[in-house]
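Take a look at the structure set out below.
Throughout, read-outs are computed from the coordinates displayed, never taken from laboratory work. Since this is a predicted model, take the numbers as computed values, not measurements. When we count neighbours, we look across all protein chains shown, and the Cβ atoms used for this are built from the backbone with ideal geometry, even at glycine.
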Amino acid sequence: VAFIDFKGGRQERELFSSIGLDQEEAKLRVVNWPGDPIDLFRGSKEDIADRITGFLPAPTQGDGDFYRARMIRALWAVIVHTSEPAPKNIEEILNRVRNGNSFAERPEDRAIFNQKEKGIPVGDVIAEGLAGRLDPLRGVGPRATNSGFGWSDDWDIAIFSLDATKESDLRIGAAILHDFDSWLRTPMRQTNPRPILFVVDEAGALGRINATHSLLNLVARGRSSGVSVVIASQTLGSLGLIGTELLNTGPIRWLGQTPSPQDIIDAAGTKHVVETSYGEGDLGWNGKRSGRSQRAYAIDPDVIRDLPKFYWNLSEGGKNIFAYIPPLRYQEGL
């Protein structure tokens, strides 16, 4: 079981860590971060470069995409397309970028590092831009991101407690998601296909760094990789455009809350009904006269509008099949 909790709450962390401890025969291997170092520099050169790239802003179809593409090309030049061994930490990567000509081996890569921007070597310019983006990887001690835990290790519970108010923690969370997704495609995972439950709490926080697409990738790959994914968010809207896509991927069940009656009216949808008419004579109703097929609201909109604003709606397969209103005690005047 893996938890990524963007609330950063100590109580939840202790609760997650205690799972299974009531079983005397269980000797669960629990990983906690911060606390136990993790390793985001493990794997092939391509794995590392791909992981580091995940710390860069997502494409925006704007001018910033040029600089993003240049950063990515520089990273791959000094990490992948070089005879040097894989880097072990972020400082080593930044040093390689600053001294690109000493590490880049392909002519087209050297051509990049031979350029200057306002009299400053491009390698220095790129390294300065990367330094801020990759700052979360400079953690030491309990927040170290190298020479620590990796998904191929022997583990039962992995807990990552992150603070959604800090962009550095959001970047680390996105990198952990990306790293897990990449690991699912490795031979190491294929040789150990045990079922995994992966839970992301307060997942909407990833929207602040435009990284919610990582959730969609994980859900799509999890179905064929023995991974069940639980994504919890305060609102569907906080997940951005991928919220609707997640519902269309065929989740078994999701539970949501909304203060807007119209939200649940729209989500409940309609059902097929047959509308009939009856004749009335001196002796009363004398049977059906006609019938027609049409659609009607699955739940009476007026009933929903009359409910308190606090209610839950339960959806299965992307369609609301129940409206559940928790029992409330009312007082006169409230």
Worksheet item: When you look at D63, is it out of contact with any Cys (no Cβ under 9 Å at 6 or more places or on another chain) and exposed (fewer than 14 other Cβ atoms within 10 Å of the Cβ), yes or no?
Response: yes
Worksheet, complete the sentence: Sole miss for E108 among (1) free of Cβ contacts under 8 Å to residues at least 24 places away in the same chain; (2) touching a Lys or Arg at 6+ places or on another chain (Cβ under 6 Å) is condition (2)
Worksheet, complete the sentence: Selection from the stretch 154-183 of residues closer than 30 Å to G132 by Cα, surrounded by fewer than 20 Cβ atoms within 10 Å (Cβ to Cβ) and out of contact with any Asp or Glu (no Cβ under 7 Å at 6 or more places or on another chain) yields T165, K166, E167, W183
Discussion item. Checking the structure you have, find out if any residue of the stretch 195-202 is surrounded by fewer than 17 Cβ atoms within 10 Å (Cβ to Cβ), of a type in the set (A, V, I, L, M) and either within 11 Å of the chain's Cα centre (by Cα) or in a strand (DSSP E or B) (or both).
Written reply: yes
Worksheet item: In the stretch 99-139, how many are within 28 Å of the chain's Cα centre (by Cα) and in a loop (DSSP other than H, G, I, E, B)?
Response: 2
Practice prompt. Scan the helices (runs of 4 or more DSSP H) fully inside the stretch 30-98 and keep the ones with 1 or more residues being touching a residue at least 60 places away in the same chain (Cβ under 8 Å).
Written response: 45-53, 64-79
Discussion item. Let me spell it out: the conditions are (1) in contact with a Ser or Thr (Cβ under 9 Å, 6 or more places away or on another chain); (2) buried (at least 20 other Cβ atoms within 10 Å of the Cβ), and G123 meets all of them except one. Which number is the exception?
Written reply: (1)
Item to complete: For A174, indicate whether it is in contact (Cβ under 8 Å) with a residue 12 or more places away in the chain, of a type outside the set (D, E, K, R) and assigned to a helix (DSSP H, G or I).
Response: yes
Worksheet item: Residue check: is E117 among the charged types (D, E, K, R) and closer than 18 Å to D39 by Cβ?
Response: no
Worksheet item: Can you pull out the residues in the stretch 121-157 that are over 22 Å from P87 (Cβ atoms) and touching a helix residue (DSSP H, G or I) at 6+ places or on another chain (Cβ under 9 Å)?
Response: I157
Item to complete: Considering only the stretch 75-98, state which residues are among the polar types (S, T, N, Q) and closer than 11 Å to A49 by Cβ.
Response: T82
Fill in: The one condition in (1) under 31 Å from the mean Cα position of the chain (by Cα); (2) crowded, with 16+ Cβ neighbours inside 10 Å; (3) within 21 Å of D47 (Cα to Cα) that K88 fails to fulfil
(2)
